[in-house]
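Peer 1: Structure in structure tokens, see below.
Quick note: the coordinates plus some simple rules give every number you see, no bench work behind them. Keep in mind the model is a prediction, meaning the values are calculated, not measured. FYI the Cβ positions are ideal-geometry reconstructions off the backbone, even for glycines, and counts take in every protein chain you see.
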Amino acid sequence: MIYDKTRKKLTLKQVFQKIKNRIFNIILEFRIFLLHLVGLFPFHHFRRFFYRMNGIKIGKDSTIHMGARFYNPKNILIGKDSIIGERVVLDGRDKLFIGDHVDIASEVMIYNSEHDINNPNFLAKNAPVFIDDYVFIGPRVIILPGVKIGKGAVVAASAVVTKDVPPFAVVAGVPAKIIGERKNKNLSYKLGRASWFR
């Protein structure tokens, strides 16, 4: 008899499915490791080419700065004229949508998978993350699964976003709470040219 980690008896078909899943995960982990190495190369055109080759959809004039980390890149979509800062974590285990003209500062972590602490087997649960156009996310922010950040919203440095942020709201804190509102509602700026060697 063969059992899984929860001591449940497995059929032969289930054993082969688990072997297939393990091989797929090892290949995915190796691809993610290679993307990490690509992220250390100081030339954003080179990095963007390889990120796109691995399934990340990146819009015109958008860039991801050095040191980015990914979990399953195929579910990540970045709009046009958006800048993703250094050492950002982008989770693609579920859908991650980043809109146009979005400015994400350094060391931001965006997750769309987390462990269910009430599940007896501590299994993961996934939920998409949606970041609308003209959002600014400050340094070292953490965004948790299932969150939607509305157009023009601002997330202050080191905030932990656990629930939806309304359009044009300014949020801060742990957990993030509304502390103000962005005055300009007619946003039309461009973030401009990315630094070539960042």
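Peer 1: Under a plain spin-label model, where a point goes 7 Å from the Cα along Cα-to-Cβ, how far apart in nm are ARG140 and GLU181?
Peer 2: 3.1
Peer 1: List residues of the stretch 100-122, by number, whose backbone nitrogen lies under 12 Å from a label position 7 Å along Cα→C-beta of ARG87.
Peer 2: Within reach of a label on ARG87: 106-109.
Peer 1: If you don't mind, another one. Cα extents of the stretch 45-117 along the three principal axes, largest first, in whole Å?
Peer 2: Projected onto the principal axes, the Cα atoms of the stretch 45-117 cover 40, 24, 21 Å.
Peer 1: Write down, largest first, the equivalent ellipsoid semi-axes of the chain in whole Å, where each equals the square root of 5 times an eigenvalue of the alpha-carbon gyration tensor.
Peer 2: Ellipsoid half-lengths, sorted descending, are 33, 22, 12 Å.
Peer 1: Given contacts defined as C-alpha pairs under 8 Å and at least six residues apart, what's the relative contact order of the stretch 12-181, whole-number percent?
Peer 2: Once normalised by length, the contact order is 12 percent.
Peer 1: Pull up the cross-link candidates among the lysines for LYS125, meaning alpha carbon to alpha carbon under 23 Å and not fewer than 8 places away within one chain.
Peer 2: Once the sequence-local lysines are set aside, what remains near LYS125 is LYS5, LYS8, LYS18, LYS20, LYS74, LYS95, LYS148, LYS163.
Peer 1: Work out from phi, with θ = phi - 60° and the Karplus expression 6.51 cos²θ - 1.76 cosθ + 1.60, the ³J(HN,Hα) of each residue of the stretch 182-198, listed in order in whole Hz, and give x for Gly and Pro.
Peer 2: Going residue by residue, I get 6, 6, 6, 9, 9, 6, 8, 6, 10, 6, x, 5, 7, 5, 5, 10, 10 Hz, with x marking Gly and Pro.
Peer 1: Would you list which aspartates and glutamates come within 16 Å of LYS80, measuring only between C-alpha atoms, while excluding same-chain residues fewer than 8 positions from it?
Peer 2: ASP61, ASP100, ASP103, ASP132, ASP133
Peer 1: Follow-up question, since we're still on this one. To the nearest Å, what is the center-to-center distance of the stretch 22-88 and the stretch 120-187, using C-alpha atoms only?
Peer 2: Using only Cα atoms, the two centres lie 22 Å from each other.
Peer 1: Amide H neighbours of ILE149 under 5 Å, counting only residues 5+ apart in sequence or on other chains, H built in-plane at 1.01 Å?
Peer 2: PHE130, ILE131, ASP132, VAL165
Peer 1: Determine, from the Cβ-Cβ distance of MET109 and ASP4 and an R0 of 41 Å, the FRET efficiency 1/(1 + (r/R0)^6), rounded to the nearest 0.05.
Peer 2: 0.85
Peer 1: While we're here: Using a Förster distance of 35 Å, how high is the FRET efficiency between LYS18 and THR162, based on the Cβ-Cβ distance and rounded to 0.05?
Peer 2: The computed FRET efficiency comes out at 0.60.
Peer 1: Further question: For the stretch 1-105, just say rounded, prolate or oblate: build the C-alpha gyration tensor, square-root its eigenvalues into a ≥ b ≥ c, call rounded for a/c under 1.5, and beyond that prolate if a/b exceeds b/c, oblate if not.
Peer 2: The shape class here is prolate.
Peer 1: Mind checking the angle between helix 44-53 and the chain's longest principal axis? C-alpha axes, 0 to 90 degrees, to the nearest 10.
Peer 2: Computed tilt is about 40 degrees.
Peer 1: Could you calculate the FRET efficiency of ASN25 with LYS190 from 1/(1 + (r/R0)^6), where r is the beta carbon distance between them and R0 is 30 Å, rounded to 0.05?
Peer 2: 0.15
Peer 1: To the nearest whole percent, what portion of all C-alpha pairs in the stretch 90-181 is separated by more than 20 angstrom?
Peer 2: When all Cα pairs of the stretch 90-181 are counted, 29 percent exceed 20 Å.
Peer 1: Rounded to the nearest 500, what is the 222 nm mean residue ellipticity of the chain from helices alone, with -39500 (n - 2.57) per DSSP H run of 4+ residues and division by all residues?
Peer 2: Result for the chain, helices only: -6500 deg cm²/dmol.
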